[in-house]
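K.L.:
Would you mind keeping the following structure in view while I ask a few things?
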Amino acid sequence: MWSNVKTLIAALVLLGAAGLHAGLYAQDAAIPPGAVNINLPDNSPLALKSFTMADSRATARGAALALDLHMSATLRNNGGNRIHGVTLRVVAQEVTLGGKGSVTYPSLNVGPGETFQVRIDMQLMRPSQVTGAPLVQVDLDGVLFQDLSFFGPDRLNSRR
């Protein structure tokens, strides 16, 4: 008798978990490229050459969106100095726990006019009620040059 009850409970738990798991996939959607804003200042030594979203997905999790980002951007060095490091700030929501992150490339050697690729692979959270703004904002935080000069707002203290 006790064995049958345990088996029945285990079966119900597995069926419930399978139903919940299938329900989460129903709320999963691809993130379109227009939902991501890449912001490079006008006087920036970098220019955006191309941008792809690959498998980036947004999943509803209660009152929040879980953003699974897999992006790639090709940037061009428009300045006159060699670039030795780049930091990008990635924000889905400024005040939400898990709402922002960064990507740093500290070992570059990119000459003037050359291009290089940066990957953004991370997961962020944001409230699902926020409307009118892009899902993700990518900002240039800083560029470190060969002569150790620096360009950018340095909000993440990446100049060091």
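The values are calculated or read from the model by the stated rules, or taken from the named source; none is laboratory data. None of the values given here were measured: they were computed from a predicted structure. Methodologically, a virtual Cβ is constructed for each residue, glycine included, from the backbone with ideal geometry; neighbour enumeration extends over all protein chains shown. Just so you know, the surface numbers come from the protein's heavy atoms only, side chains and all, with ligands and any DNA or RNA stripped out. Shrake-Rupley method; radii C 1.70, N 1.55, O 1.52, S 1.80 Å.
K.L.:
What's the FRET efficiency of Gln146 with Thr104 using the Cβ-Cβ distance as r and R₀ = 22 Å, to the nearest 0.05?
P.N.:
0.80
K.L.:
Once fully extended, how much extra length lies between Ala63 and Leu156, figured as 0.36 nm per residue of separation less the alpha-carbon to alpha-carbon distance?
P.N.:
Length difference between fully extended and current span is 30.6 nm.
K.L.:
Can you give me the solvent accessible area of Lys49 with a 1.4 Å probe, rounded to the nearest 10 Å²?
P.N.:
The value for Lys49 is about 140 Å².
K.L.:
Would you mind checking the stretch 70-103 for residues with the amide N under 16 Å from a putative spin-label position 7 Å along Cα→C-beta of Val130?
P.N.:
Taking a point 7 Å out along Cα→Cβ of Val130, the residues of the stretch 70-103 whose backbone N falls under 16 Å are 89-102.
K.L.:
Continuing with the same structure: Expressed in nm², what is the orientationally averaged projection area of the convex hull enclosing the Cα positions of the stretch 34-133?
P.N.:
Reported value for the Cα convex hull: 6.9 nm².
K.L.:
Normalising by the residue count of the stretch 80-129, find the relative contact order in percent from Cα pairs under 8 Å and 6+ residues apart.
P.N.:
On the way: 74 pairs, mean separation 21.2, N = 50.
The normalised contact order for the stretch 80-129 reaches 42 percent.
K.L.:
Moving on to the next point. Can you work out the PRE-style zone for Ala30? Point 7 Å along Cα to Cβ, and I want the residues of the stretch 52-73 with backbone N under 16 Å.
P.N.:
Residues passing the 16 Å test: 52-59, 68-72.
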